[in-house]
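No lab work stands behind these numbers, since they all come straight from the coordinates. These numbers were taken from a predicted model, which means no experiment stands behind them. Cβ sites come from the backbone with ideal geometry, for glycine too, and all protein chains shown count toward neighbours.
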Amino acid sequence: MKISKEATIGILVIAAIIIFIWGINFLKGESIFSKDQLFYAKYERVDGLKESSPVTLRGLKIGQIKSIKFNDTNVKGLIVSFSVNDDFKFSDNTTARIISSDIMGTKEIQIIPGTSKIILQAGDTINGSIEGDLKEQVSMQMLPLKNKAEKLMSSVDSVLTVVQYIFNADARNNISQSLTSIKNTINKLEHTSGSLDTLVSGQRSQMEKILANVESITSNLDSNGENISHILTNFSSISDSLKQANITSTVNNANAALAQVNEIFQQINEGKGSMGALLKNDSLYKHFESASKHLDELLVDLKAHPSRYVQISVFGRKDKKKK
């Protein structure tokens, strides 16, 4: 069967049209063979977002902007429709955020997946948000610095006010007097420190001896640790014995004995009894004094004339005279 020339031209024209449409869609990033799902997002502004701008997920392009138009019910709002490859599923708390894709300000929509288990269907509306532009970001970064600078200027102003108040004539005089007092105090401290240094230097040998004695004591304690342990054990045994002993009766008996002793001393102080008479009667003292005096005279006479009291015979004793 022979195809006519006109039919061949028609087929070529149709093929060219199909290739042309496919090329345009290819340049736009669309594919006539893939199946996409369409979503919507609402924004107050789009900040330079254009049709055919990419839609990305973690930096990977998964779709593109289809249309941007005003909301019919609210002129201030904008509705952006965009297609996403049918392979991707999103939860109902997913966010479509307009961001800058480069430093030149080119915009795109970045999909921020949510964590909900409810899956959006094609034609649903995704929550929209807008990344702040460079000016807003700089302002946000500079805002804390600005607040700190304002606080710093306020503090500086307060400090200058205080300084101006302090450095008047009376304040300067008071400060001068204070500095003089501080200088005198420092001089006294230097003198005191010199005296302490001299004292420490003079007593250094004593301190060394004390430290040596302390070291000797600690060495003795260390070497006699076992004995100390025995002593503490004995004390513990004694305390246990005292605990088991009838301390109350012993204390009562001791109190009674002390009461009797106190009574005896009271009688002695009153001059009762032999001991009281001995301590309180002056005549007995005088007799003792007289006897001591006579004894002293006797010893003196014995020393001076021993022959009166002691007879020494070279040849033995003589027979006593008959009475």
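Based on the Cβ-Cβ distance from THR218 to ASN173, what FRET efficiency comes out when R0 is 45 Å, to the nearest 0.05?
Rounded to the nearest 0.05, the efficiency is 0.15.
For Cα pairs less than 8 Å apart in space and 6+ apart in sequence, what is the mean separation divided by the residue count of region 79-127, i.e. the relative contact order in percent? Let's see the in-between values first.
Details: 63 pairs, mean separation 20.5, N = 49.
Once normalised by length, the contact order is 42 percent.
Can you give the percent of C-alpha pairs in region 34-131 whose distance is more than 22 Å?
22
Over region 34-131, what is the relative contact order in whole percent, taking alpha-carbon pairs under 8 Å and six or more residues apart? Before the final figure, lay out each step's value.
Values: 234 pairs, mean separation 34.5, N = 98.
Here the relative contact order equals 35 percent.
Can you give the FRET efficiency for ASP240 and GLU263, using 1/(1 + (r/R0)^6), R0 = 22 Å, r = Cβ-Cβ distance, to the nearest 0.05?
Given R0 = 22 Å and the Cβ-Cβ separation, E is 0.05.
With respect to the cross-link table entries LYS50/LYS89; LYS50/LYS146; LYS35/LYS69; LYS35/LYS117, which display a Cα-Cα separation exceeding 26 Å?
LYS50/LYS146
Among the aspartates and glutamates, select those whose C-alpha is under 18 Å from the C-alpha of LYS293, and discard any that sit fewer than 8 residues away in the same chain.
Of all the aspartates and glutamates, those that pass the test against LYS293 - Cα under 18 Å, at least 8 places apart if same chain - are ASP282, ASP301.
Mind listing the long-range amide H neighbours of ILE130? Cut-off is under 5 Å, sequence gap 5 or more, other chains count too, H placed in the peptide plane at 1.01 Å from N.
ILE98
Counting only other residues whose beta carbon sits under 10 Å from that of LYS76, what net charge do I get with K and R as +1, D and E as -1?
Neighbourhood net charge equals 0.
Could you work out how far apart the two model spin labels at GLU297 and ILE3 are, taking each label as a point 7 Å from the Cα in the direction of the beta carbon, and quote it in nm?
Distance between the two pseudo-spin positions: 18.5 nm.
Could you compute the FRET efficiency for GLU44 and ILE24, with r as their C-beta to C-beta distance and R0 at 35 Å, rounded to 0.05?
So the FRET efficiency works out to roughly 0.65.
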